[in-house]
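Single-structure report; data block below.
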Amino acid sequence: MASRCWRWWGRSAWPWTPPLSVGSIPSFRHQFSTQETTPQICVVGSGPAGFYTAQHLLKQHPQAHVDIYEKQPVPFGLVRFGVAPDHPEVKNVINTFTQTAHCGRCAFWGNVEVGRDVTVPELREAYHAVVLSYGAEDHRALEIPGEELPGVCSARAFVGWYNGLPENQELKPDLSCDTAVILGQGNVALDVARILLTPPEHLEKTDITKAALDVLRQSRVKTVWLVGRRGPLQVAFTIKELREMIQLPGTRPILDPVDFLGLQDRLKGTAWRQSTMLTEVPRPRKRLTELLLRTAMEKPGPEEAARRASASRAWGLRFFRSPQQVLPSPDGQGAAGVRLAVTRLEGVGEATRAVPTGAMEDLPCGLVLSSIGYKSRPIDPSVPFDSKLGVIPNVEGRVTDVPGLYCSGWVKRGPTGVIATTMTDSFLTGQMLLQDLKAGLLPSGPRPGSAAIQALLSSRGVQPVSFSDWEKLDAEEVARGQGTGRPREKLVDPQEMLHLLGH
């Protein structure tokens, strides 16, 4: 059983090199007495932060029992609902999470919304410690006129729609327009642009939802603009995603060489000049900028030139533009464009910011997708929450002024980083919890754990979904996909899921 509880990732399941070596985290495994009370620990959220926190606790404490609560009937959070369907290799990390869930000291309780079905104080009463790992479930608003118009939605909702997130299945985006504008220049923005422009036949073998694929087959979107307030040196996407866009079949990139004037000189040697006051250029940023430069400034070879000439779709980056208003169509029933303020950069290094020049321009479009960031929501009145930063105030994962309450992942540090970053962050939160347990800072004596919570849920008519229940749903999805040659056909209706389970 031990190997099932804390086996580490294998190469087939892990697409990144972890930034923190396993050996650099102190081991608690041999420091706990087998005579101690079994620690009952609750984790709220079953995305990467939740599962990695659970994995660390189970590995490092030989008696700990961890219950993972999840509001969806299915596990894995943004790995299931956020990772693009054409990036299946990133989802291999689910294999690691499944091993954790199979540990005899771990239980998954889906279809339980903390803050509604059960409160955080009730969880704290039942467990020795509670870890909040529920991620960033909302998007940052643009806060500009016209944001509420039909034809305007968040990139987060669009991603949830094509990935089968139940709450986004009524989105029904109108793709009958020629041009879409994405406000933001991060990886999510590139994901959305790529899905909008990818030939539907290339998506047919992915786990994108059938409803989304049907809509994309009818799409008339030919051009996608990705708009950013700052310049090429400040884009938030990574080189892998950029390379995918440049090579996307049937499309050509549109980059204005004027935006890149003088950039070549700044990249020579090891210093950014105007931008960061002789700070050394980080290698990933340098490689990314060089790829942008080549794409914008160099004449493509004959083969690439022919490919671009035959492309029926295009995507482009618009720099130094800040959205001021979504322009309504003449009948007021949709978006007709975005009014942009032209900006320039002030400051150096991390303090570089965009300030308006006074000039304005209008960018016509029929679809506007806001991709300026995710944010967390407060989960329970008893839990402190910084609404400005969108995080739970904490010190190294210990929630401020609430002993026994912890947080990990995006709700702890904000919506930044990839899954590997979340892994490191979650391991450190687990380490803090175990330090507090060892120091006697958590409640002593037995706690009822899930037994008490299941009784409460039963009295409230809530029917939790176990991990074995999820595996039945998983098998059903895979079986439905086999008929169409797809890896799975995602279930998107929670009521259908519960019906299939006999709930």
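Some observations on this one:
- Residues (within 30 Å of Leu433 (Cβ to Cβ), open to solvent by 60 Å² or more (accessible area, probe 1.4 Å), of a type outside the set (Ser, Thr, Tyr) and not in a strand (DSSP E or B)) located in the range 341-400: Arg377, Pro378, Pro381, Lys388, Leu389, Glu396
- Residue selected from the range 34-43 under the condition open to solvent by 10 Å² or more (accessible area, probe 1.4 Å) and β-branched (Val, Ile, Thr), by the criterion farthest from Val130 (Cα to Cα): Thr34
- Positions within the range 160-181 being open to solvent by less than 30 Å² (accessible area, probe 1.4 Å) and aliphatic (A, V, I, L, M), in sequence order: Leu165, Leu175, Ala180, Val181
Yes or no, residue by residue, for (1) closer than 21 Å to Tyr69 by Cα; (2) under 31 Å from the mean Cα position of the chain (by Cα):
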| residue | (1), (2) |
| --- | --- |
| Val411 | yes, yes |
| Phe427 | yes, yes |
| Asp436 | no, yes |
| Leu441 | no, no |
| Pro448 | yes, no |
| Ala452 | yes, no |
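- Whenever a residue of the range 137-159 is under 20 Å from Ala212 (Cβ atoms) and open to solvent by 40 Å² or more (accessible area, probe 1.4 Å), its partners that are modelled with pLDDT of 95 or more and part of a strand (DSSP E or B), lying with C-beta atoms within less than 7 angstrom and at least six residues away or across chains, give the pairs His139/Ser154; His139/Ser370.
- Set Asp191, Asp138: member being of a type in the set (Asp, Glu) and either modelled with pLDDT of 95 or more or in contact with a helix residue (DSSP H, G or I) (Cβ under 7 Å, 6 or more places away or on another chain) (or both): Asp191
- Residue check for Gly390: over 27 Å from Val338 (Cβ atoms) and small (Gly, Ala, Ser): no
- Residue in the range 160-173 that is among the hydrophobic types (A, V, I, L, M, F, W, C) and more than 16 Å from the chain's Cα centre (by Cα) present: yes
- Unique residue being over 26 Å from Ile195 (Cβ atoms) and of a type in the set (Lys, Arg) when the list is Arg344, Arg308, Arg294: Arg344
- Residue match in the range 181-193 (condition: over 21 Å from the mean Cα position of the chain (by Cα) and either under 25 Å from Thr352 (Cα atoms) or free of Cβ contacts under 8 Å to residues at least 60 places away in the same chain (or both)): no
- Matching option when the condition is polar (S, T, N, Q) and within 30 Å of Thr119 (Cβ to Cβ), among Ser387, Ser371: Ser387
- Summed over the range 175-225, the residues that are hydroxyl-bearing (Ser, Thr, Tyr), farther than 15 Å from Thr484 by Cβ and assigned to a loop (DSSP other than H, G, I, E, B) give a count of 3.
- Residue match in the range 121-134 (condition: touching a residue at least 60 places away in the same chain (Cβ under 8 Å) and within 15 Å of the chain's Cα centre (by Cα)): yes
- Looking across the range 108-128, the residues that are of a type outside the set (Ser, Thr, Tyr) and open to solvent by 20 Å² or more (accessible area, probe 1.4 Å) come down to Trp109, Asn111, Glu113, Gly115, Arg116, Pro121, Glu122, Arg124, Glu125.
- Filtered by the rule that a residue be at pLDDT 95 or above, open to solvent by less than 10 Å² (accessible area, probe 1.4 Å) and under 20 Å from Pro384 (Cβ atoms), the range 405-425 gives Leu405, Tyr406, Cys407, Ser408, Gly409, Val411.
- Screening the range 449-486 for residues that are open to solvent by 70 Å² or more (accessible area, probe 1.4 Å) and in a loop (DSSP other than H, G, I, E, B) and picking the one that is farthest from Glu204 (Cα to Cα) gives Arg460.
- Selection of the range 47-77 for residues being under 21 Å from the mean Cα position of the chain (by Cα) and surrounded by fewer than 24 Cβ atoms within 10 Å (Cβ to Cβ) yields Lys71, Gln72, Phe76.
The values are calculated or read from the model by the stated rules, or taken from the named source; none is laboratory data. Computed from a predicted model, the values in this text were never measured in an experiment. In this analysis, Cβ positions are derived from the backbone assuming ideal geometry, glycine residues included, and neighbour counts consider all displayed protein chains. Accessible surface areas use protein heavy atoms only, side chains included; no ligands, DNA or RNA. Shrake-Rupley method; radii C 1.70, N 1.55, O 1.52, S 1.80 Å.
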